[in-house]
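Working notes, beginning with the structure itself.
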Amino acid sequence: MIIIASFICDFDIFFTKFARDLNHRNLFTHSVIPSLFLFLGGLLMNWIAMIISGLAYFLHILVDTFDWGTNFFYFNHKNLGFGMLYSKEEVDKIYISFKNPIAYFDFKYYKNKTVLSLEIFFFILMVFSIYFFSPKFFYLIIFYFLALLLHILRYYHLKKFEQNK
């Protein structure tokens, strides 16, 4: 449950077409609200796994604020984050430079050594955490690889699409 809660919010990528600005991070699932429901539900039911699941979900949303941000509180429809991967000037040029604006974000993300280093660090932390705290659930790492595969396939699809300008 904890492992799944840590990455389930990224499956909203399948609903990107319903998101403001075609950004899946503007959907409800990329706000802190679901993590609060999990955390508070865990407190009410006195269920430690649900409490930790809420914290894992929240940590994912928090980490997503570093690169370009998320619609953190959802209802104010304003992205919050540090914007490490873009400047306002770059965002204004996206629609001129790319056939599909989403390609800009994927290309920028996967070419950034800091982001890739953080991804590797969190993966190693996840593997060690599962191994030491719940080794009988080690097989669940397969979900990480499935999610990673989805992201990589999307990246290569966008790359091919952009090269055929």
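Which order, highest average first, do 90-97, 52-59 follow once you tally other Cβ atoms within 10 Å for each residue and take the mean per peptide?
52-59, 90-97
Checking a compactness column here: for the stretch 2-163, what do you get for Rg(Cα) / (2.2 N^0.38 Å), N being the number of residues?
Taking N as the residue count of the stretch 2-163, the ratio is 1.10.
As a test of the formula, what do you get for the chain when each DSSP H run with n ≥ 4 contributes -39,500 (n - 2.57) and the sum is divided by the residue count, at 222 nm and rounded to the nearest 500 deg cm²/dmol? Don't skip to the end; give the middle numbers.
Details: 7 runs with 103 residues, N = 165.
Result for the chain: -20500 deg cm²/dmol, rounded to the nearest 500.
Would you mind pulling out the separation of the Cα centroids of the stretch 20-47 and the stretch 61-117, in Å?
So the separation of the two Cα centres works out to 20 Å.
Got the relative contact order for the chain handy, in percent, Cα pairs under 8 Å and 6 or more residues apart?
18
Values in this text are rule-based calculations from the coordinates and carry no lab data. Note that the structure is predicted; figures quoted are calculated from it, not measured. A quick note on method: Cβ atoms are made from the backbone with ideal geometry, for glycine too, and the neighbour counts reach across all protein chains shown.
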